[in-house]
Amino acid sequence: MQIPSKYEPQKVEERWYAYWEENDYFTSIPDDREPYTIVIPPPNVTGVLHMGHMLNNTLQDVLIRKARLEGKNACWVPGMDHASIATEAKVVAKLKEEGISKSELTREAFLKQAWDWTNAYGGVILKQLRKLGCSCDWKRTKFTMDDDMSASVIKVFVDLYHKGLIYRGYRMVNWDPQAKTTLSDEEVVYEERQGLLYYLAYPVEGSDEIVTIATTRPETILGDTAICINPNDERYRHLKGKKAIVPICNRVIPIIEDNYVDIEFGTGCLKVTPAHDENDKNLGDKHDLEVVDIFNDDATLNANGLHYEGKDRFVVRKEIAKELEEKGFLGKTEPYLNKVGTSERTKAVIEPRLLDQWFLKMEDLAKPALEAVMEKGEVRLFPKKFENTYRHWMENIRDWNVSRQLWWGQQIPAYYFGEGKDDFVVARNIEEALELAKARTQNDALTANDLNQDPDVLDTWFSSWLWPISVFGGILAPDNPEIKYYYPTNDLVTAPDILFFWVARMIVAGYEFRNERPFQNVYFTGLVRDKQRRKMSKSLGNSPDALQLIENFGADGVRVGLLLSSAAGNDLLFDEVLCQQGANFANKIWNAFRLVKGWEVADLDQPRAAKIGLDWYTSRFNQVLREIEGYFEKYRISDALMAIYKLVWDDFCSWLLEIVKPEYQQPIDQKTFETVIFWFEQNLKILHPFMPFLTEEVWQHIDERTKEQALCIANWPKTADFNGKVILEFEFASEVISGIRTIRKEKNIPNRDALQLMELSGEESVAPMDAIIKKLGNITEIETVEAPVDGALSFRVKSNEYFVPVTGAIDVEAEIQKLNEELKYTRGFLASVQKKLSNERFVNNAPSEVVALERKKAVDAEAKIETLEKSLANLE
């Protein structure tokens, strides 16, 4: 194949991805090899590729491609989450644009609309992941609403119910008035918001006395059914057994006593609204209080809101405060910083609401999952710091509200046959339910038409907590060959913000349904932020178009850019400059390849410099390979990439290729050329997981390959011993070469002008690497001397001193003048620093780091003066 002059990712990437797919390199079926399995954190079916997805999936692809090269049976299962709240919101919005309300449709008609939307617009993100180079087994793509996935969810619900772990309860729940559904506690995000504390006067019945209550929600007084005081509060002891009158609605309510009331907060009196506060509900149950619900499901006020009926709660807050003030019930207001619960999905302010809901008992289920991470080490979290968060959540776990008031999702398999609160059965389908209902009622005349299925659906997380098991059919067929081969999976890569939503629950499910961990390692990525440390968001306009980045810099450039700045669990400060750095790296490798392939090869003896250089690179490669393996074991993926980056850019391109490069228009010997190609291929292998497109393109240009020889399925290099002595000798020699290059640069001595080098040896010698120094420094000879050389420029490397005679190469008089001027300036600078350090007030009062910096300046200046004086002495 002809080698293009430039690497053009846009032309390369689509071609190689199609080639990989055509040859089924990503397809996995159980065989005799060791499996390596990753399940993708299923993105929402509504989602499009953003920076978080790019980072997360790049990391997964790095791990899966490395495993594939290592000869493992690599299986990366892709898929999507049906995202009940988000998808239903999209469908409702689409219907609204068409002038249709959800309430006008039957459930079946709405679900048809939801499936039509999903089939038309859903799954875009999976196509976009191909652009990034993700090597998923696309034949295994799963959707949490697939028939078998839904059947798994229903089976689990039924089994847990019959174990006594799922129950129906009338509880205070978190209500999202925008999505019109309940949320679990973990889906509520608490935000600090500045509000007001309203001091309201409640008349005491039968007297002129008033009781003042402090509240942040004056609109809820219309649902008050008691006032509570602390029995130990002497200020209010006389009110025991009396009644108060709620302003505006004039409801007469009891004044009750309970130690729950904080004497120090507000006025020490508490309004009790059992329908709209969990703690008030507990007081209401304890004291047998009436429950008055004042809200509709969209958080507007209902008929109990009197003349405010139909108005939004926040509008009513302002209006009722004004009415209370006009009628003399509002004493004062004062600023108050309040923690407000908001919906993680819609951002709406949560409304506590009493509803019949389905709950899963979590306390006993959580214990094996807690032990697996914190005691047995069966599941490892990276970074380890997340273990404390995990422990806190699992030790303080609450029952999981698994029902949602939506239509898109798995409908709860509970079937009602009567009006009583316990008149229901739980079964996998209506046929089973009918048999159970007949047995319960002793009524064989019951038909399916007599049963009504619960209208709610299950929480989306109730599907995805089964993901590592259900994608392999492990719920419906627990002993099938796939689940036995691929489960437990190996690694999970995800974001820490779903540690509890998803990760912890999957661990719970793993031990409950298969009695083993779902995965061995969890790698938590950081959040992608902009360079000002702000979270990426559409509203800030700081979230770049992921596909446009790929278009501009190539997928490999973007992958490298993301990973070079992304340490595990730490936030990534994203800057497009990093993608440019990745693209530059791709160009560097491409140009290195074109250089090597451009050499003419001949039957020549191998030069000594080339042999030494290749021996050194052999050891250096094996040393770095060992480092890389260590980084992968610790999930320090960015460090692994940086090690490869430096090896390829610095050691291979900047050093080795310069060492072996033949003279201008001269051929290279066959042995050196073949060895360089070998190491080029080894470099491509370790770089392939990070830069799959570029490496495959170069690999296929190096030689004609069959489909069995593609880089995608090549062999990962095996670690081997390396010669540490050779590596140290080269490091020393490279510093000597750098010293020679510095002299050439400072004295404007052209590289074509040969120089002589004299070594005044300390503990080390350049002898083992002399051929390399001669070639790269254009040195005619290296001579060992016993004393400093007069009339020569010098530099030091460790304990050795090197001299370069310059007679004729430079203008000695001009150099002496230049050195004298620099010496004069440095002595003046040293004097000014010493003057400052001799000032006791400065030394005693300045910050210690400032004083230390000045002392360092003095030491550095003294060392520079010594070097300049030596150089002058040598020239004079």
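The values are calculated or read from the model by the stated rules, or taken from the named source; none is laboratory data. Note that the coordinates shown come from a computational prediction; the quantities given were computed from them, not determined experimentally. Cβ atoms come from the backbone with ideal geometry, glycine included; neighbour counts cover every protein chain shown. These area figures cover heavy atoms from the full protein model, side chains too; ligands, DNA and RNA do not enter into them. Shrake-Rupley method; radii C 1.70, N 1.55, O 1.52, S 1.80 Å.
Assorted remarks:
- Residue 722 being among the aromatic types (Phe, Trp, Tyr) and without any contact (Cβ under 8 Å) to a residue 12 or more places away in the chain: no
Every residue, every condition in (1) modelled with pLDDT of 95 or more; (2) surrounded by fewer than 22 Cβ atoms within 10 Å (Cβ to Cβ); (3) farther than 23 Å from residue 570 by Cα, yes or no:
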| residue | (1), (2), (3) |
| --- | --- |
| 473 | yes, yes, yes |
| 478 | yes, yes, yes |
| 485 | yes, yes, yes |
| 497 | no, yes, no |
| 500 | no, yes, no |
| 503 | yes, no, no |
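- Test: residue 615 is out of contact with any Phe, Trp or Tyr (no Cβ under 9 Å at 6 or more places or on another chain), charged (D, E, K, R), in contact (Cβ under 8 Å) with a residue 40 or more places away in the chain and not in a loop (DSSP other than H, G, I, E, B): yes
- Flag if residue 250 is over 50 Å from the mean Cα position of the chain (by Cα), in a loop (DSSP other than H, G, I, E, B) and of a type in the set (S, T, N, Q): yes
- Single match in 70, 21, 13 (criterion: under 27 Å from residue 631 (Cβ atoms), open to solvent by 50 Å² or more (accessible area, probe 1.4 Å) and not aromatic (Phe, Trp, Tyr)): 70
- Hits in segment 183-224 (condition: over 24 Å from residue 340 (Cβ atoms), open to solvent by less than 60 Å² (accessible area, probe 1.4 Å) and part of a loop (DSSP other than H, G, I, E, B)): 207
- Qualifying residue in segment 799-820 (condition: assigned to a helix (DSSP H, G or I), β-branched (Val, Ile, Thr), in contact with a helix residue (DSSP H, G or I) (Cβ under 8 Å, 6 or more places away or on another chain) and more than 25 Å from residue 754 (Cβ to Cβ)): no
- Residue count for segment 535-570, restricted to those that are within 12 Å of the chain's Cα centre (by Cα) and either open to solvent by less than 30 Å² (accessible area, probe 1.4 Å) or at pLDDT 80 or above (or both): 5
- The residue that is nearest to residue 274 (Cα to Cα), counting only those in segment 350-378 that are of a type in the set (A, V, I, L, M, F, W, C) and either assigned to a strand (DSSP E or B) or open to solvent by 70 Å² or more (accessible area, probe 1.4 Å) (or both), is 354.
- Any hit, segment 740-748, residues being out of contact with any helix residue (DSSP H, G or I) (no Cβ under 8 Å at 6 or more places or on another chain), at positive phi, in a loop (DSSP other than H, G, I, E, B) and open to solvent by 20 Å² or more (accessible area, probe 1.4 Å): yes
- In the condition set (1) at pLDDT 95 or above; (2) in contact with a Pro (Cβ under 8 Å, 6 or more places away or on another chain), residue 165 is compliant with all but (2).
- Evaluating residue 104 against the criteria (1) touching a Leu at 6+ places or on another chain (Cβ under 7 Å); (2) of a type outside the set (Ser, Thr, Tyr); (3) open to solvent by 10 Å² or more (accessible area, probe 1.4 Å); (4) more than 25 Å from residue 424 (Cβ to Cβ) leaves one unmet condition, (1).
- Checking 735, 708, 729, 704 one by one, the residue that is among the acidic types (Asp, Glu), under 30 Å from residue 867 (Cα atoms) and open to solvent by 70 Å² or more (accessible area, probe 1.4 Å) is 735 and no other.
- Counting the residues of segment 489-517 that are under 22 Å from the mean Cα position of the chain (by Cα) and either under 25 Å from residue 528 (Cβ atoms) or hydroxyl-bearing (Ser, Thr, Tyr) (or both) gives 18.
- Residue within segment 602-622 that is over 28 Å from residue 769 (Cβ atoms) and open to solvent by less than 10 Å² (accessible area, probe 1.4 Å) present: no
- Reported count of residues in segment 292-336, each being open to solvent by less than 60 Å² (accessible area, probe 1.4 Å), without any contact (Cβ under 8 Å) to a residue 40 or more places away in the chain and touching a helix residue (DSSP H, G or I) at 6+ places or on another chain (Cβ under 8 Å), is 1.
- Within segment 778-794, the set of residues being open to solvent by 50 Å² or more (accessible area, probe 1.4 Å) and of a type in the set (Ser, Thr, Tyr) comprises 780, 784.
- Matching residues in segment 24-67 - criterion: being assigned to a strand (DSSP E or B), more than 23 Å from residue 548 (Cβ to Cβ) and open to solvent by 10 Å² or more (accessible area, probe 1.4 Å): 35, 36
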